[in-house]
Amino acid sequence: MKDNSQELIIEGAGCASCVGKIEKAIKQVKGVTSASMNFAQRTVSITGDADQNLLILAVETAGYNAISTAGTSDDELLEEKDKADWIYYKRLMKEMTIALTLGIPLMIYGILIGEMTVTTTTERIVWLTVGLVTLAVMYFSGRHFYIGAWKSFKNHSANMDTLIALGTGTAWLYSMVVVVTPEVVPEMARHVYFEATAMIIGLINLGLALEVKARGRTSEAIKRLIGLQPKTARVIRDKKELDIAIDQVLLNDIVRARPGEKIPVDGEVVEGHTSIDESMLTGEPMPVEKTEGHEVVAGTINKTGSILFKATRVGKDTALAQIINMVKRAQNSKPPIGRLADVLSAYFVPVVMIISVVSALVWLNFGPQPAIAYAMVSATTVLIIACPCALGLATPMSVMVGVGKAAEAGVLIRNGEALQTASKITAMILDKTGTITLGAPKVTDIVLAGDFLEDRVLQLAASLESGSEHPLALAIIESANEKNLLAEKVENFTAIAGHGVEATLNGETLLFGNHKLMNRKNIEIADYYATAQQLAEEAKTPMYFAINGKLAAIIAVADPIKEDSIAAIKRLQKNNIRVVMLTGDNKATAQAVAKKVGISEFYAEVLPEDKVEKVKELQMAGETVGMTGDGINDAPALAMANVGFAIGTGTDVAIESADITLMRGSLHGLADAIAVSKATLNNIKQNLFGAFIYNVAGIPFAAGILYPFFGLLLSPVIAGAAMAFSSLTVVTNANRLRFFKPQKH
């Protein structure tokens, strides 16, 4: 049974430690195969046959809210998300303004004007008023932290909200005790910290608001892909042309695309001639010529001519819709390094709470007077500075941008694991036919004998081969068509098994085949035999063409090497990747192709099962193996490799078996995928390092390690600012990836 996939939008997830709890709660629902939460997008992808209501209930029981995305189109969903983000951003900015309007004047007063101490009755009245105003700020600007903390407490867990609620709550309660019953606190400890509570709430709300704004940019790739699909299509029904909504287009509808319009659905051209810009899907800048019988893909742009095409895939079945789904799934998936961060953050909050308590106890027992004040400040600062919000954003932000960046280059990455593993590839196996070469025979050489004209020879050869079913015959017919040479009708056509073909045309006898046919018909070829051998050594198939008993030409057909294969293979080798070519073709052809593209290691006459063995062999030798292919016979090896790359112009089976799909036929996509993978992984490492520096390195300073040496104790306000801006640093760094461009040389 095929697993269904569902997506839920999560509300109330405050930090990375929430991720593990939500995933765990969902995985316990009957029928769930897997659950993966993207903390940056606040979405969770679920596979399995679980009831949606049970999934939402599980999330709510864990202390969060969930909204289903079922029945919502991609663009509607993105619009809703953008709208919700904008409302959330405005709310956070309002809450930040309220909190800082109180916090900043209080902080300025404490630094420049007077001590925040309680000694007289007047001071008690003033600070009681300030305390009540701070309580109002805690309600209006910080209640989401306290509600989140309470929900976590009820579920016997802790998260970022717990740390903020404990930190700010402790500072406010201590201050109120000083104001209401100062006699229970030593005189030198009668200091209030209302400014810390207000400033921390304000700064963290500011950090969250900036994060929301920057987070929106990471989904640019998805927005662009969704924007490719037009809203309407012009279809012909009952001999009338109608503009209808895209979701009303039916299979086999005849659709018109005019110059400058986007292709609305996938289809097959039935009338007209045009060139189509497919760059947004394939990364290939040159427009592609389309005539009758050619496929067109939704989202591409019709450049010049007007065409009619028959709809072959509509709605969620179009290539564009599948690409959007694949990119979304990949952005929601986690590379192994991301799962490590989730595990760490699950333990992080409880550990921080223990450190906070230990820090307070150390100050109470060994610190100078007022020990109770120092204990409260250090405990609060530890709780605030260690919020693991940045830790939760570190991986998904980079993955979202990296996968989107790859999609822009025509490289579709199926999951986060493939994204990470691609950066470690040390050996790349390339299939020959359709991967290094075009996979379709073409006429490469016409060597004339005597006074014959090239176009006439090609026209006669195409006329003769139009009755043949041999694969090489198609190459000759296509070559004649490209030159607008029309095939003529031949008579007395005879196929001579293992030799070639024979026919007559306008009284002339035509022969086309190998040297055996020429010898059998006593055609003199001795002067051209060496030329034919030379062509054969170049991985070409030479065929002799004779007219009325005289050799007219040698026509060579080959599967040509793609224009950029040589440059792309050099890029891989420059990155210290061992390139190996496998082919089912004969050794002579394999050797000629390998020599031409600069591959020293190749294996010919290889069966599909041999390809799998070769992947295993390299893996056993300690290599991280990438396998690239386009055919059904490559599917087992693609699945066995550490990372399987499918050429997108190949078969669906190969694409389904692969981890990464190259939408264009160019091998530059391999080097681009590896470059994007390395850049993304480096970005993730930078983010994780940055997050840990803020969180882990900040804890000893917050606990007061500098005090015995320099008399310095970190303020809770500085801790709040550091924690808020750590998230912003991570998001900004991830967005740097949007400007990454793989080196083409």
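At q = 0.11, 0.12, 0.24, 0.27 Å⁻¹ the log10 of I(q)/I(0) for segment 522-595 amounts to -0.42, -0.48, -1.10, -1.22, computed by Debye summation with a single uniform scatterer per C-alpha, solvent ignored. Using the average count of surrounding beta-carbon atoms within 10 Å as a protection proxy, the listed peptides 478-487, 420-429, 596-605, 96-105 rank, highest first, as 420-429, 96-105, 596-605, 478-487. Can you tell me which lysines have their Cα less than 22 Å from the Cα of residue 151? Leave out same-chain residues fewer than eight positions away. Within the straight-line cut-off, residue 151 pairs with 21, 24, 27. Between helix 587-597 and the chain there is an angle of about 50 degrees, using the helix long axis and the longest principal axis of the Cα atoms. The packing ranking, built from the mean of other Cβ atoms within 10 Å per residue, places the peptides 46-52, 85-91, 499-505 in the order 499-505, 46-52, 85-91, highest first. Taking the Cα centre of segment 345-491 as reference, the dipole from Cβ charges on Lys and Arg (+1) and Asp and Glu (-1) amounts to some 1220 debye. For the chain, the longest principal axis of the C-alpha atoms and the axis of helix 668-692 are separated by about 10°.
Given 640, 133, 249, which one lies farthest toward the positive end of the charge dipole of the chain, if we put +1 on the Cβ of every Lys and Arg and -1 on the Cβ of every Asp and Glu? Looking along the dipole axis, the top candidate is 133.
Normalising the average separation of contacting C-alpha pairs (under 8 angstrom, six or more residues apart) by the number of residues puts the relative contact order of the chain at 14 percent. Hydrodynamic analysis of the chain uses the Kirkwood radius over alpha carbon pairs. Inserted into Stokes-Einstein at 20 °C and 1.002 mPa s, it gives a translational diffusion coefficient of 70 µm²/s. Each of 180, 446, 622 was placed along the dipole of the chain (beta-carbon charges, centred on the mean Cα), and the one lying farthest toward the positive end is 180. Only lysine pairs 8 or more places apart or on separate chains count here, and in segment 487-600 those with Cα atoms under 16 Å apart total 13. Between the C-alpha center of segment 663-688 and that of segment 503-547 there is a gap of 49 Å.
Can you pull the Rg over Rh of segment 666-745, Cα-only, Kirkwood? Expressed as Rg/Rh, it is 1.23. Entry comment: accessible area of the chain is 45 Å² per residue, from protein heavy atoms only and a probe of 1.4 Å. The residue among 267, 157, 114 whose Cα reaches farthest toward the positive pole of the charge dipole of the chain, with charges on the beta-carbon of Lys, Arg, Asp and Glu, is 114. The label-point distance for residue 574 and residue 94, in a model that sets each label 7 Å from Cα toward Cβ, rounds to 5.5 nm.
Compared with the dominant Cα axis of the chain, that is its longest principal axis, helix 526-537 is turned about 10°.
About its Cα centre, segment 481-625 has a charge dipole of approximately 320 debye under the convention of +1 per Lys or Arg Cβ and -1 per Asp or Glu Cβ, with nothing else charged. The local environment of residue 503, defined by Cβ-Cβ distances under 11 Å, has a net charge of -4 under the rule Lys, Arg +1 and Asp, Glu -1. Separation of segment 433-466 from segment 126-149 is 84 Å, based on Cα centroids.
Cross-link partners for residue 213 among the lysines, with Cα-Cα distance under 16 Å and sequence neighbours closer than 8 places in the same chain left out: 81, 83, 90, 94, 223.
Relative to the Cα centre, what is the charge dipole magnitude of the chain, using +1 at the beta carbon of each Lys and Arg, -1 at the beta carbon of each Asp and Glu, and rounding to the nearest 20 debye? Value, rounded to 20: 2160 debye. I'd like the carbon and sulfur percentage of the solvent accessible area for the chain, probe radius 1.4 Å, heavy atoms only, ligands and nucleic acids excluded. Solvent-exposed carbon and sulfur of the chain make up 58 percent of the total.
The values are calculated or read from the model by the stated rules, or taken from the named source; none is laboratory data. Computed from a predicted model, the values in this text were never measured in an experiment. All Cβ positions, glycine included, derive from the backbone under ideal geometry; neighbour counts span all protein chains shown. The protein model used for the area step is the full one, side chains on, heavy atoms only, and it has no ligands, DNA or RNA in it. Shrake-Rupley method; radii C 1.70, N 1.55, O 1.52, S 1.80 Å.
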